[in-house]
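Just below is one structure, and these are the notes that go with it.
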Amino acid sequence: MVRHILVVLPHPDDEAFGAAGTLAMHIQQGAQVTYACLTLGEMGRNMGIPPFANRATLPHVRKQELEASCRAIGIQDLRLLGFHDKMIEFEDQALLDSKLEALLKELRPDLVITFYPGYSVHPDHDACGAAVIRTVGKLPAEERPVVYCIAFSHNCEEEIGSPDVIIDVKPFLPQKLAAIQAHRSQFRAPELMGSGNLSGEDLLERYGTEHFWTYRF
Amino acid sequence: MERISPSDVQARLDRLQNKALYLHLESTTGAYATHLDSSKHPASAFISNARIRYAHGLIAGNGPYRVGLKTETGWVYAEGLTHWEETESERLILAGHDSQGKLVVTLMLSPHPF
C-alpha cells in the first residue's frame, strides 16, 4: 500500500485531468495525499463560457476551484506554493528546489507524481517536472520515492516508450469528473472536453484510464 | 464580463487620465497553440504592473475594439477587445475573447497593483 503521495503540478486542474482517479483510488486504500500546486493558474486563457472571470479575478476564482477539486478527490493536504503561472522556467531554481526539498524532507512520501520533463507540452509542466526530478535525484538512492510522470507531447511514446503504469480508474470516475467540473472556469474548454458533455463511451475512453511513466534515475 | 459598451469604457478612460496607474497588458495564443495545431506559431507577451500615466486615451472601432493610450513618452495599444468588467468601479478591465471564448488579449488599468 502507498502511504503518502506527494503530487507536484503547476496549475489548478492538472490534478483533475492527469491523476484524479489514481489519487482517489489510493486515498480509498488509506493513503495520505499532499498536493503542492505551484501556481494559481492566473495566466489561464479560459475565463468560463460566457466569461465570468478576468485576468484580475482569475487567481481567486481558480484557488476556490482547486479547493473544491481537492475535496472531490479526497486530497487531505493542499499546499499553494505561490509561484507565478507561466514563469516556472524563469523562476530562481534554488528557490524552487528548496521548497520541494523541504516538502520531501517533511513528508517523506513513498510516491511522487509530477510531469515528465521535456514531454509535457506546457513550459510550466516541463519546468515543474524538471525541478522534481532534480530534487528527488539529489536524495540518496535508498531514500528516493518512486516518481510517476505524466507525459502527453505528440512525440513522447517515440522517445520514452509506452507508459509502464496504466491504472483503470473507471471505479473512481465520479470523483474524477467532480474534480474536473470543480474547475468551472476551465472544464468547458473544447480541447479538453472534445465535442460532447461529460457522458458516454467517449468519456470512458477519455478519462477511464490514467497513464504514468516511472522515472528511471 | 459584459460585451464592451464603448461609451462606458470611454467614460472610464477619461476618468483615469492623468493619474498614476498600474498597467497589465497581454496578448497570447496560449501555450498549447502548436500542440493543438502544428501550423500555428505560438506568440505571447505580457507585462504586469507597469507604472504609467496617460494624457489621452481613446477606444475605437465597431467591435472588436481597439484602445490607444498616449503617454508622456510613447503609446500603449491593444486590439481585439470584446469584453469589459462593468462591476469594477475604480479599475478598467478590458479583454478580448476569441470564438471559443478564450482570452487572446487583455488591457487592465488600476490605481493599485494587480
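Determine which single condition A:PRO10 fails, assuming it passes every other condition in (1) surrounded by fewer than 23 Cβ atoms within 10 Å (Cβ to Cβ); (2) within 13 Å of chain B (Cβ to nearest Cβ).
A:PRO10 satisfies all of (1) surrounded by fewer than 23 Cβ atoms within 10 Å (Cβ to Cβ); (2) within 13 Å of chain B (Cβ to nearest Cβ) except (1).
Of a type outside the set (Lys, Arg) and crowded, with 19+ Cβ neighbours inside 10 Å: does that describe B:TRP84? If you could, list the steps in order and put the result at the bottom.
Details: of a type outside the set (Lys, Arg): yes; crowded, with 19+ Cβ neighbours inside 10 Å: yes.
Against the criterion (of a type outside the set (Lys, Arg) and crowded, with 19+ Cβ neighbours inside 10 Å), B:TRP84 qualifies.
State whether the residues of the stretch A:84-99 include one that is free of Cβ contacts under 8 Å to residues at least 60 places away in the same chain, over 30 Å from B:ARG91 (Cα atoms) and within 14 Å of the chain's Cα centre (by Cα).
no
What strands (runs of 3 or more DSSP E) lie completely within the stretch A:102-172 and have 3 or more residues being surrounded by 21 or more Cβ atoms within 10 Å (Cβ to Cβ)? If you could, list the steps in order and put the result at the bottom.
On the way: elements: A:111-115, A:146-150, A:165-168.
Here the list reads A:111-115, A:146-150.
Hey, can you tell me all the residues within the stretch A:49-67 that are within 11 Å of chain B (Cβ to nearest Cβ) and either farther than 18 Å from B:TYR32 by Cβ or touching a strand residue (DSSP E or B) at 6+ places or on another chain (Cβ under 7 Å) (or both)? I'd like the intermediate steps shown before the answer.
Filtering the stretch A:49-67 down to residues within 11 Å of chain B (Cβ to nearest Cβ) leaves A:49-59.
The answer is A:PRO50, A:PRO51, A:PHE52, A:ALA53, A:ASN54, A:ARG55, A:ALA56, A:THR57, A:PRO59.
Pull up the stretch A:84-101, narrow it to residues that are outside any helix (DSSP H, G or I) and more than 14 Å from chain B (Cβ to nearest Cβ), then point me to the one that is surrounded by the most Cβ atoms within 10 Å (Cβ to Cβ).
To start, the set of residues in the stretch A:84-101 that are outside any helix (DSSP H, G or I) comprises A:84-87, A:91-92.
Next, only the ones that are more than 14 Å from chain B (Cβ to nearest Cβ) stay: A:91-92.
Numbers: A:GLU91: 18, A:ASP92: 9.
Looking at residues that are outside any helix (DSSP H, G or I) and more than 14 Å from chain B (Cβ to nearest Cβ), I get A:GLU91.
Could you tell me how many of the residues in the stretch A:13-48 are within 13 Å of chain B (Cβ to nearest Cβ) and more than 13 Å from the chain's Cα centre (by Cα)?
Matching residues across the stretch A:13-48 total 7.
Determine whether the stretch B:99-110 contains at least one residue that is away from chain A (no Cβ under 12 Å) and crowded, with 21+ Cβ neighbours inside 10 Å.
Here is the first cut: in the stretch B:99-110, the residues away from chain A (no Cβ under 12 Å) are none.
The answer is no; no qualifying residue exists.
In the stretch B:72-98, what residues are within 10 Å of chain A (Cβ to nearest Cβ), of a type outside the set (A, V, I, L, M, F, W, C) and touching a strand residue (DSSP E or B) at 6+ places or on another chain (Cβ under 8 Å)?
B:THR82, B:HIS83, B:GLU85, B:ARG91, B:HIS97, B:ASP98
A short reminder: the numbers here are calculations on the coordinates, not readings from a lab. From a predicted model like this one, the values you see are computed outputs, not experimental measurements. So basically every Cβ, Gly included, is an ideal-geometry build from the backbone, and we count neighbours across all protein chains shown.
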